[in-house]
């Protein structure tokens, strides 16, 4: 699970992030962190839609290489 301090840094810096949910790159969510609570994170996608995701997924900067979950 991602920590509050890392999420806060992503939010304050406006870092574009990638959320890796499974082994398929097609299912990744790309956007910026808007808010979070104990078990969910709100991500604003490029089309301005907001997605609520579990904190158990892998959150990483978009510029870094993708983590492979397979």
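Laboratory data are not the source of any read-out in this text; all were calculated from the coordinates shown. What you see is a predicted model, and the numbers here were worked out from it, not measured in a lab. Positions of Cβ are generated from backbone atoms using ideal geometry, with glycine treated the same way; all protein chains shown enter the neighbour counts.
Just one of the listed residues (30, 2) is surrounded by 10 or more Cβ atoms within 10 Å (Cβ to Cβ), in a loop (DSSP other than H, G, I, E, B) and within 12 Å of the chain's Cα centre (by Cα), and it is 2. Residues in segment 35-70 that are closer than 15 Å to residue 6 by Cα and in contact with a helix residue (DSSP H, G or I) (Cβ under 7 Å, 6 or more places away or on another chain) were compared, and the one that is surrounded by the fewest Cβ atoms within 10 Å (Cβ to Cβ) is 36.
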